[in-house]
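The next block holds one structure in the form of structure tokens; read it before the comments.
The values are calculated or read from the model by the stated rules, or taken from the named source; none is laboratory data. Predicted, not measured: the structure shown is a model, and the values here were computed from it. FYI the Cβ positions are ideal-geometry reconstructions off the backbone, even for glycines, and counts take in every protein chain you see.
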């Protein structure tokens with residue numbers, strides 16, 4: 001897959017932090033398209049590592065941020081979703097980083113299941 005897979009998480013974190021501030025309406029569509037692509041790649045990284053739960057979480061995020069069939073929620077609700085997604089992406093990055101930097105190539109115990 002990717003030589004440095006934990007770096008796939010960085011653009012998602014930056015885009016979500018920017019989304020916490022008032023932005024033009026076009027940013028919402030851009031955010032949805034970018035996050036769907038990024039989470040598709042993150043999904044592939046977790047599938048490649050053999051994780052069981054993280055591909056499901058990434059799939060749920062892809063459905064939530066889907067640009068074609070949009071989920072319409074209030075700004076306050078999206079703010080909370082963006083915060084929760086930022087936390088989730090940071091946890092995912094740490095798990096992928098720990099699994100990727102391990103010498104024997106075997107992901108650490110909890111990362112294998114989550």
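Here are the numbers:
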quantity	calculated
Flag for residue 41 being touching a residue at least 24 places away in the same chain (Cβ under 8 Å), surrounded by 12 or more Cβ atoms within 10 Å (Cβ to Cβ) and either assigned to a loop (DSSP other than H, G, I, E, B) or in contact with a helix residue (DSSP H, G or I) (Cβ under 8 Å, 6 or more places away or on another chain) (or both)	yes
Leading residue by the ranking (surrounded by the fewest Cβ atoms within 10 Å (Cβ to Cβ)) among those in region 3-22 that are at pLDDT below 90 and more than 15 Å from the chain's Cα centre (by Cα)	3
Residues of region 1-17 satisfying the condition of being free of Cβ contacts under 8 Å to residues at least 12 places away in the same chain and closer than 19 Å to residue 78 by Cβ	14
Sole exception among (1) part of a helix (DSSP H, G or I); (2) at pLDDT 90 or above; (3) touching a helix residue (DSSP H, G or I) at 6+ places or on another chain (Cβ under 9 Å); (4) within 19 Å of residue 15 (Cβ to Cβ) for residue 94, by number	(2)
Selection status of residue 62, closer than 19 Å to residue 7 by Cα, modelled with pLDDT of 90 or more and surrounded by 14 or more Cβ atoms within 10 Å (Cβ to Cβ)	yes
